[in-house]
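Q: The structure follows.
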Amino acid sequence: MRLLYQILWKDHSRAHLLGAFLGTLAGFVLLLAGIQFYMDIKGILSDNRDLLDPEYIVINKKVNIGQTLGLSRVGFKPDEIEEIRGQPFADQVAPFISNEFPVSAYTENERFPDFFTDLFFEAIPDEFIDVKSEEWQWDLEKGTIPVIIPQDYLNLYNFGFAPSQGLPQIPKGIISMVNFKLRLQGQVRGNYDDYQGRIVGFSNRVNSIMVPLDFLEWANQKYGYFKKSDPAQLILVSKNPTDPSIIRFLEERGYDTIREKLKSSRMNIILKFILSFLVIVAAIIIGLAFLVFLLSLQLMISRSSEKIRRLNKLGFHYREISRPYILLLLLLMAGITALSLLFTSLLAGQLHHRAETWSMDVSSSLHGIIYGTALGLILLISIANIGAILISTKKLCK
């Protein structure tokens, strides 16, 4: 075997093989580092989100000039709701129910200035509401309507309207103690009833004035006379809010939501785009390096064609003659695998130390998929090159 090496490798330049080696190594490191980075950032996004507490996303249709002119409606039709329910990212979907009658609120209290304002009500099933209160129930005999208002409404008053008007700021506890009346107006003039209203909580999830669903269904049946319209908003529950298909689906259908809720989803899209770009670049580099390997080995075999024919006439099988080239290839592939994993591990360690300064938990060791990817690519390149070597030597031996 040593004699074969001396005969076949004599007077061959190794420069082209070195170039192929370095090119393949660079492509592997770029690819493996990109996958490692993606897996680390994806883990950070998942760890910072309680998987037992799914994301609640309120969606609506975008308002356009046609809806302003009354040429189209903004509500969700039943088939559109069913389409959303059928999406893989949607675990639960519920429409918002609105009041179908006029609602107004007023106060009659010596401690507070009188006020009168028109209102609107909306309701969704209780499991979608983030405020948990024993008072959140409708009892016709008691006649008190529990109300939940958005935390943003209170913030707008306390930190925007009140300072600009020289008015006092109001804490949550004081607002919850305020007694006010709610007037529900029927279709016939003078056909109205007054009920006691009470704010029982402040929602950080739903940006609307909420009342219990059973109350609003009862009130719509008793007082409602507005033309029943399709729900203008839906609340969607997703256990995987980082799924890029959420944003893609909303944009394709012309739906809208509070984009702040989907930051992680947009980040996931960006990460996948970056990884896809790195994979394409790495694939190009690895592909070019593979061709250089293939051409280099073919050139070495071609230059040794006379020697290979003589060795075959002396009784050496073409597989025996191919062994030196195959061994050289396997040594180069083993070196690429070892060095690419080493360099990727060093990069992962640097990312880990940098992430610690940002208070992020990033793994300092390589993910299992890195080893699988490296092994799979090396086997693919090795098998393809070994096949080409055997075919070339077999042709020369014939």
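The values are calculated or read from the model by the stated rules, or taken from the named source; none is laboratory data. Computed from a prediction, not measured in an experiment: that's the story for all the values here. So basically every Cβ, Gly included, is an ideal-geometry build from the backbone, and we count neighbours across all protein chains shown.
Q: In the set 103, 147, 131, which member is assigned by TED's automatic domain parsing to the domain that holds residue 205, touching a Ser or Thr at 6+ places or on another chain (Cβ under 8 Å) and touching a residue at least 12 places away in the same chain (Cβ under 8 Å)? Lay out the reasoning, then the answer.
A: Details: 103 fails: touching a Ser or Thr at 6+ places or on another chain (Cβ under 8 Å); 147 fails: touching a Ser or Thr at 6+ places or on another chain (Cβ under 8 Å).
Going through 103, 147, 131 in turn, just one is assigned by TED's automatic domain parsing to the domain that holds residue 205, touching a Ser or Thr at 6+ places or on another chain (Cβ under 8 Å) and touching a residue at least 12 places away in the same chain (Cβ under 8 Å): 131.
Q: Now a separate question. Restricted to segment 130-147, and to residues that are aliphatic (A, V, I, L, M) and out of contact with any Pro (no Cβ under 9 Å at 6 or more places or on another chain), which residue is nearest to residue 178 (Cα to Cα)? Outline the logic, then answer.
A: Here is the first cut: in segment 130-147, the ones aliphatic (A, V, I, L, M) are 131, 140, 145, 147.
Add one more test, that the residue is out of contact with any Pro (no Cβ under 9 Å at 6 or more places or on another chain), and what stays is 131, 140, 147.
Details: 131: 19, 140: 21, 147: 12 Å.
Looking at the filtered set, the residue picked out is 147.
Q: While we're looking at this one, here's another question. Is it the case that some residue within segment 38-56 is farther than 30 Å from residue 307 by Cα and modelled with pLDDT of 80 or more? Walk me through how you get there before you give the answer.
A: Just the residues of segment 38-56 that are farther than 30 Å from residue 307 by Cα, to begin with: 38-56.
With modelled with pLDDT of 80 or more added as a condition, the list becomes 56.
Yes, some residue in segment 38-56 is farther than 30 Å from residue 307 by Cα and modelled with pLDDT of 80 or more.
Q: A further question follows. Is it true that residue 133 is more than 34 Å from the chain's Cα centre (by Cα), surrounded by fewer than 15 Cβ atoms within 10 Å (Cβ to Cβ) and either farther than 24 Å from residue 102 by Cα or not basic (Lys, Arg) (or both)? Working first, answer last.
A: Details: more than 34 Å from the chain's Cα centre (by Cα): no; surrounded by fewer than 15 Cβ atoms within 10 Å (Cβ to Cβ): yes; either farther than 24 Å from residue 102 by Cα or not basic (Lys, Arg) (or both): yes.
No.
Q: Turning to a different aspect of this structure: Only one of these is more than 17 Å from residue 30 (Cα to Cα) and either part of a helix (DSSP H, G or I) or acidic (Asp, Glu) (or both): 375, 329. Name it.
A: Numbers: 375 fails: more than 17 Å from residue 30 (Cα to Cα).
One residue alone meets the criteria, 329.
Q: Only one residue in 346, 328 is out of contact with any Gly (no Cβ under 6 Å at 6 or more places or on another chain) and within 20 Å of residue 288 (Cα to Cα). Which one? Talk me through it step by step, then tell me what you get.
A: On the way: 346 fails: within 20 Å of residue 288 (Cα to Cα).
Answer to the check: 328.
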